[in-house]
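K.L.:
Once you've had a glance at the structure underneath, I'll fire off some questions.
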Amino acid sequence: MRTKPSIGKSDAERKPQQSDERSEVSALPSSPSAIPGMGPIRYRALCKAGLRTFRDISQSTVDTLASIPGITEIKATSFVSYLSQFSADQLAAASDENNEAPVKGPELNQWEAQTVPASVSALAIETTRALTGSVRILTSPAGSELRHRLLVSIDRFAVECQSVIIEGVNPRSSETEKQLRRIRKVTEALIDMSKRTDPDRKEQARCADELSEITSWLSKARLEWAATKHAE
């Protein structure tokens with residue numbers, strides 16, 4: 001008499017185990033920006049389009065997502081496919097918990113580390129105007145006619161002006177007032193020259209001399225200001 005072959009114990013155990021593995025679903029990431037392939041840049045683009053939560057993204061079509069700058073059709077498809085493994089309740093709950101604001105960009109540590117003066121000094125205002133005048137003459141039709149000597153003077157003057165503005169140099173003396181008038185006068189001269197196609201060579205020479213002298217004073221004032229601050 002033949003007996004029916006029995007199913008091995010290992011076979012009986014293996015089948016429900018396979019079923020359990022198929023039913024397992026990975027957990028939602030901590031935020032939408034952590035969706036595979038998303039990243040902070042694409043998530044910022046989604047936020048700008050009003051799609052901030054898991055639910056917002058999951059309810060969007062591939063075409064809608066692909067129309068957002070920085071998101072290709074392939075990426076959009078992968079996002080929709082990834083979120084489709086989660087139930088509506090899971091997405092809704094996670095959306096309520098992680099309804100986060102748009103991801104901020106990297107902090108500008110280099111700039112935030114700089115000390116910015118509480119108020120803008122008269123010297124900073126005049127040197128800023130002078131930089132504007134320098135740019136105007138260099139980019140004007142007269143710019144191609146400028147002598148090398150004047151170009152060098154403008155370059156050195158601009159570098160010193162930048163340092164004065166960044167460092168917040170603010171000397172207070174009768175000499176400062178005199179130099180402020182000189183800076184304004186030379187700025188007006190540069191702007192006036194920028195309006196002509198063939199600036200006079202003697203005028204260029206005078207302007208170069210004036211810029212050189214002012215640059216020397218700015219450098220001296222900056223060093224004295226630094227020494228004063230260090231002593232404090």
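K.L.:
With respect to Gly143, determine if the residue is surrounded by 13 or more Cβ atoms within 10 Å (Cβ to Cβ), farther than 20 Å from Ser212 by Cα and either more than 30 Å from the chain's Cα centre (by Cα) or not hydroxyl-bearing (Ser, Thr, Tyr) (or both).
P.N.:
Details: surrounded by 13 or more Cβ atoms within 10 Å (Cβ to Cβ): yes; farther than 20 Å from Ser212 by Cα: no; either more than 30 Å from the chain's Cα centre (by Cα) or not hydroxyl-bearing (Ser, Thr, Tyr) (or both): yes.
No; evaluated as a whole, the condition is false for this residue.
K.L.:
Another question, if that's okay. Of all residues being touching a residue at least 40 places away in the same chain (Cβ under 8 Å) and surrounded by 18 or more Cβ atoms within 10 Å (Cβ to Cβ) in segment 29-46, which is nearest to Thr72 (Cα to Cα)? Just the residue, please. Steps first, answer last, please.
P.N.:
Step one: filter segment 29-46 for residues touching a residue at least 40 places away in the same chain (Cβ under 8 Å), giving 30-33, 35-38, 40, 43-44.
Next, only the ones that are surrounded by 18 or more Cβ atoms within 10 Å (Cβ to Cβ) stay: 31-33, 35, 38, 43.
Details: Ser31: 21, Pro32: 17, Ser33: 16, Ile35: 15, Met38: 11, Tyr43: 13 Å.
If we take residues in segment 29-46 being touching a residue at least 40 places away in the same chain (Cβ under 8 Å) and surrounded by 18 or more Cβ atoms within 10 Å (Cβ to Cβ), then Met38 is nearest to Thr72 (Cα to Cα).
K.L.:
Let me ask something additional. In segment 140-169, how many residues are of a type in the set (S, T, N, Q), over 13 Å from Met193 (Cα atoms) and either out of contact with any Lys or Arg (no Cβ under 7 Å at 6 or more places or on another chain) or without any contact (Cβ under 8 Å) to a residue 40 or more places away in the chain (or both)?
P.N.:
Step one: list which residues in segment 140-169 are of a type in the set (S, T, N, Q), which gives 140, 144, 153, 162-163.
The next check asks that each one be over 13 Å from Met193 (Cα atoms); those that pass are 153, 162-163.
Checking which are either out of contact with any Lys or Arg (no Cβ under 7 Å at 6 or more places or on another chain) or without any contact (Cβ under 8 Å) to a residue 40 or more places away in the chain (or both) leaves us with 153, 162.
The total comes to 2.
K.L.:
Filter segment 186-219 for residues that are within 37 Å of the chain's Cα centre (by Cα) and not in a helix (DSSP H, G or I) and give the result.
P.N.:
Lys195
K.L.:
Let me ask something else about it. Count, please, the residues in segment 181-201 that happen to be surrounded by fewer than 19 Cβ atoms within 10 Å (Cβ to Cβ) and within 19 Å of Asp155 (Cα to Cα). Please lay out each step first, then the result.
P.N.:
Here is the first cut: in segment 181-201, the residues surrounded by fewer than 19 Cβ atoms within 10 Å (Cβ to Cβ) are 181-182, 184-185, 188, 191-192, 195-198, 200-201.
Still in the list and also within 19 Å of Asp155 (Cα to Cα): 182, 184-185, 188, 191-192, 201.
Summing the residues that are surrounded by fewer than 19 Cβ atoms within 10 Å (Cβ to Cβ) and within 19 Å of Asp155 (Cα to Cα) in segment 181-201 gives 7.
K.L.:
Determine, yes or no, whether Ala226 is free of Cβ contacts under 8 Å to residues at least 40 places away in the same chain and either among the β-branched types (Val, Ile, Thr) or under 22 Å from Ser121 (Cβ atoms) (or both). Spell out the reasoning first.
P.N.:
Numbers: free of Cβ contacts under 8 Å to residues at least 40 places away in the same chain: no; either among the β-branched types (Val, Ile, Thr) or under 22 Å from Ser121 (Cβ atoms) (or both): yes.
No.
K.L.:
Which residues, counting only those in segment 40-57, are closer than 17 Å to Val80 by Cβ, more than 18 Å from the chain's Cα centre (by Cα) and either in a helix (DSSP H, G or I) or not assigned by TED's automatic domain parsing to the domain that holds Ser84 (or both)?
P.N.:
If the condition is that a residue be closer than 17 Å to Val80 by Cβ, more than 18 Å from the chain's Cα centre (by Cα) and either in a helix (DSSP H, G or I) or not assigned by TED's automatic domain parsing to the domain that holds Ser84 (or both), then Leu46, Phe54, Arg55, Asp56, Ile57 are the ones that fit.
The values are calculated or read from the model by the stated rules, or taken from the named source; none is laboratory data. Since this is a predicted model, take the numbers as computed values, not measurements. A quick note on method: Cβ atoms are made from the backbone with ideal geometry, for glycine too, and the neighbour counts reach across all protein chains shown.
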